[in-house]
Amino acid sequence: MFAEADRIELSLRIVTRWRKGKHWSLKKPSYSSLARKKGRGKNGGGHSHGGGGGGGGHQNPAPSPKPSPPPKTGYTTKAAATFDVLDFGAKGDGVTDDTKAFQAAWAAACKVGGSTMVVPEEYEFLVGPISFSGPYCQPNIVFQLDGMIIAPTDARYWGSGLLWWIEFTKLRGITIQGSGVIEGRGSVWWTNAESDVDPINEELSKNLPQIKPTALRFYGSYNVTVTGITIQNSQQCHLKFDNCEAVQVFNMTIASPGSSLNTDGIHLQNSRDVMIHHTNMSCGDDCISIQTGCSNINIHRVDCGPGHGISIGGLGRDNTKACVSNITVRDVNMHNTMTGVRIKTWQGGSGSVQNIIFSNIGVSEVQTPIVIDQFYCDRSSCKNQTSAVTLSGIAYENIRGTYTVKPVHFACSDASPCSDISLTKIQLEPLQEHYHMYQPFCWQAFGELYTPTVPPIVCLQNGKPTSNHILSDRDLC
């Protein structure tokens, strides 16, 4: 009999580990969405009107999910458990605060390795600021998002300001997948940046804090996957990874208007071994922003626009040290963006950016496709300083398309000139011949042209700078 239990357990493991597309092959309990909306028992918890991230009003204890019964052998198997937020009191009507139901479902899923927390389709869940936290959660949890999660616009939820709306922290093996949507309802936060404001949004925005939250943030986590979902209309940045390792983002969409202020698509900081591919992004800032502490980043098959392009930096702000290395951006298309591929650093910083490859980039109606700016400043004025983040080993390969202002802009530090810049198969044509078109610009930029370029980039100085900056301990990464 014990051997029979082993055989059954093995079969269960094989079934539960096999996925089909975005879903587990073990389906969630079958039910009619309409019947569930109209007739299901709601498990306590009425409509809530309270503010803050603590969720709705008092709810009865949520029922535990009912896992499949084990074979009648006296030997318990461990089939993957599923925790549906509806079973924990969520209403999904887009009005009732479902934060506490999400917290309860996560608390249950957290205890079971390989479990799945389900946000079902055809429902809209109003969820306030929430943290799905480790470090004591079991590994390899799946957050199956097929419905829509919407952010509150009531200022009471946000207090004096929060840096995130939905956060996953200190987890090992966390996957967010599905066909669902994270809707930030960010227009009420962007009002101050728009000239033709909606009167309703303008009134709502008066009470919101100045600090704007990131829609979805991962912190201190290992083996993270985000796939299939859409994040749209974020209050500020859409998706952020901070201090994470082994990250995969693919087959997803990020969407906000080009006029939405500071709405970066994906923001990477202090993270390594990251792969982003087959993703569509439109936003009001950088489609992808790579900040200090990042290494081994691979970005390919990404469509960007509108937005500000793909950027490394700004680095070295407020005289800080920044280290970025081994970044590859390839097979990317950009349309109607402010820049294409850009490296930007502040004066006064230290550290280094090295081993960067921008390859096979298509640009269409991009203002300036290739940019290095070591005098970056987003204020009215910035102090002139001699120290700078050093830039070296930057390759531009097969970058082609149309620009609307200037094809190339290399503005490097006087004290630490850019070195080892290589240009191969660069072909950039003006969209139209206008009087305001500019020629390629170079300042303290050294490297080599491996093929003729269009237009000719004669300003790049051949070889290496004669007075190479000697790296101090402050510069070393």
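The values are calculated or read from the model by the stated rules, or taken from the named source; none is laboratory data. Since the structure is predicted, the reported quantities are computational estimates derived from the model, not experimental observations. Please note: Cβ atoms are built from the backbone with ideal geometry, for glycine as well, and neighbour counts cover all protein chains shown. When the accessible area is computed, the model is the full protein with side chains, heavy atoms only, and any ligands, DNA or RNA have been set aside. Shrake-Rupley method; radii C 1.70, N 1.55, O 1.52, S 1.80 Å.
Which order do peptides 276-286, 313-323 fall in by mean Cβ count within 10 Å, highest first?
Result, highest mean first: 276-286, 313-323.
Given the stretch 81-255, report the % of alpha carbon pairs whose separation exceeds 26 Å.
Cα-Cα pairs of the stretch 81-255 separated by over 26 Å account for 26 percent.
Sort the following peptides by mean Cβ neighbour count (other Cβ atoms within 10 Å, averaged over residues), highest first: 107-118, 437-448.
Averaged packing, sorted descending, gives the order 107-118, 437-448.
Based on the Cα coordinates of the stretch 317-395, what is the per residue volume of their convex hull in Å³?
Values: hull volume 6.7 nm³, N = 79.
In the stretch 317-395, the Cα hull volume divided by residue count equals 85 Å³.
Run the accessible area of the stretch 81-255 with a 1.4 Å probe and give the carbon-and-sulfur part as a rounded percent.
Of all accessible area on the stretch 81-255, carbon and sulfur atoms account for 46 percent.
Can you order the peptides 155-167, 451-463 by their average number of other Cβ atoms within 10 Å per residue, highest first?
By packing density, highest mean first, the sequence is 155-167, 451-463.
Gain in length, Asn296 to Asp420, computed as 0.36 nm per residue apart minus the alpha-carbon separation, to one decimal in nm?
Here the segment from Asn296 to Asp420 would lengthen by 42.7 nm.
Given a 1.4 Å probe, how much area per residue of the stretch 81-255 is accessible, in Å²?
Solvent-accessible surface per residue comes out at 35 Å².
So what is the accessible area of the stretch 286-466 per residue, in Å², with the probe set to 1.4 Å?
Normalised by residue count, the accessible surface of the stretch 286-466 is 41 Å².
For Glu245 and Asn462, what is the calculated FRET efficiency with R₀ set at 41 Å and r taken between the beta-carbons, to the nearest 0.05?
Result of the calculation: an efficiency of 0.55.
Relative to the compact-globule scaling 2.2 N^0.38 Å, provide the ratio for the alpha-carbon radius of gyration of the stretch 286-466.
Rounded to two decimals, the normalised Rg is 0.95.
Hey, rough spin-label estimate for Gln269 and Arg400, points 7 angstrom out along Cα→Cβ, what's it come to in nanometres?
3.9
Of the accessible area of the stretch 368-421, with the probe set at 1.4 angstrom, what percent is carbon plus sulfur?
Here carbon and sulfur together make up 45 percent of the probe-accessible area.
At a Förster distance of 41 Å, what's the computed FRET efficiency of Met437 paired with Thr320, Cβ-Cβ distance as r, to 0.05?
That gives a FRET efficiency of 0.70.
If you consider only alpha-carbon coordinates, what radius of gyration and Dmax does the stretch 335-375 have, in Å?
Computed over the Cα atoms of the stretch 335-375, radius of gyration and Dmax are 12.1, 34 Å.
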